[in-house]
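Beneath this line is the structure, given in structure tokens, with notes to follow.
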Ligand code: 5RP
């Protein structure tokens, strides 16, 4: 491992984005996540675009970036399975459980991840945590259920806030809202994810425990660390 002193967070994201290319299977379609770290991966992917068939994307934003770089984008319904899905995370714990959805793309991210045999998480070391829950938990909800769901989180000690953009509720690629929930203690991510997913009006909870990472490429001052789960 090469030592990489004084790299900025942005440079660490570039490093892990490039390192993820080793997991891309030549001739196949790759699953692509969303966010600033994934943007670095997309830029790296463009350098080998002639070696892949294309991508399935998890957001309108990633689709636009992929297409702008000349990478063909397939609808998720056009593929039966993917060898690999590459995405970032807002938090990742020592078992590969993640919190995701800071970019509001969690529902499509979970769908594309479900198609893939392997989830490769790319993240800078600020994302590695002992236990999930410091980052406000994103939950995509049906708009008419937002206040009811916020009250349910309050009953378990969380404070849910409707995510806004320009003073208006942020509307996801799926036409829904996002609640960001602070103050939760997520001691059992698998049970927590299963539980919240049952609440009426919840589209997707941003805990990825049932679809955890298989591998995490972590950008650190000592270089890219590969964590396997
Ligand atoms: C988007 C996500 C992202 O993967 C997560 O927010 C990390 O983003 P970034 O790489 O910009 O830190 O879940 O919904």
**Request:** Filter segment 45-86 down to residues that are within 14 Å of the ligand (Cβ to nearest atom) and farther than 17 Å from residue 111 by Cβ, then give me how many there are.
**Result:** 1
**Message:** Take the conditions within 20 Å of the chain's Cα centre (by Cα) and surrounded by 14 or more Cβ atoms within 10 Å (Cβ to Cβ) and apply them to residue 218. Does it pass?
**Reply:** yes
**Prompt:** When segment 148-166 is examined, which residues are found to be in a loop (DSSP other than H, G, I, E, B) and surrounded by fewer than 13 Cβ atoms within 10 Å (Cβ to Cβ)?
**Reply:** 157, 166
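For every residue, the table says whether it meets (1) touching a residue at least 12 places away in the same chain (Cβ under 8 Å); (2) buried (at least 21 other Cβ atoms within 10 Å of the Cβ); (3) assigned to a strand (DSSP E or B).
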site	(1), (2), (3)
77	no, no, no
86	yes, yes, yes
89	yes, yes, no
108	yes, yes, no
111	yes, no, no
126	yes, no, no
131	yes, no, no
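Here's the yes/no breakdown for (1) surrounded by fewer than 19 Cβ atoms within 10 Å (Cβ to Cβ); (2) over 23 Å from residue 143 (Cβ atoms); (3) at pLDDT below 95:
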position: 168; (1), (2), (3): yes, no, no
position: 175; (1), (2), (3): yes, no, no
position: 182; (1), (2), (3): yes, no, no
position: 189; (1), (2), (3): no, yes, no
position: 204; (1), (2), (3): no, no, no
position: 210; (1), (2), (3): yes, yes, no
**Item:** Leading residue by the ranking (surrounded by the fewest Cβ atoms within 10 Å (Cβ to Cβ)) among those in segment 57-75 that are assigned to a strand (DSSP E or B) and either more than 17 Å from the chain's Cα centre (by Cα) or modelled with pLDDT under 95 (or both)
**Value:** 74
**Message:** List pairs: first residue in segment 190-205 and not assigned by TED's automatic domain parsing to the domain that holds residue 106, second residue surrounded by fewer than 14 Cβ atoms within 10 Å (Cβ to Cβ) and part of a helix (DSSP H, G or I) anywhere in the structure, Cβ distance under 6 angstrom, at least six positions apart or on different chains.
**Reply:** none
**Request:** State yes or no: is residue 20 away from the ligand (no atom under 13 Å from the Cβ) and either out of contact with any helix residue (DSSP H, G or I) (no Cβ under 9 Å at 6 or more places or on another chain) or not in a loop (DSSP other than H, G, I, E, B) (or both)?
**Result:** no
**Item:** Failed criterion for residue 199 (all others in (1) touching a helix residue (DSSP H, G or I) at 6+ places or on another chain (Cβ under 8 Å); (2) closer than 20 Å to residue 160 by Cα; (3) surrounded by 16 or more Cβ atoms within 10 Å (Cβ to Cβ) hold)
**Value:** (3)
**Asked** Within the bounds of segment 116-126, is there any residue that is within 30 Å of residue 63 (Cβ to Cβ), in the same structural domain as residue 178 (by TED's automatic domain parsing) and away from the ligand (no atom under 11 Å from the Cβ)?
**Response** no
**Asked** Quick check: anything in segment 97-106 more than 9 Å from the ligand (Cβ to nearest atom) and within 23 Å of residue 17 (Cα to Cα)?
**Response** yes
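The values are calculated or read from the model by the stated rules, or taken from the named source; none is laboratory data. Everything quoted here is computed from the prediction, not taken from an experiment. When we count neighbours, we look across all protein chains shown, and the Cβ atoms used for this are built from the backbone with ideal geometry, even at glycine.
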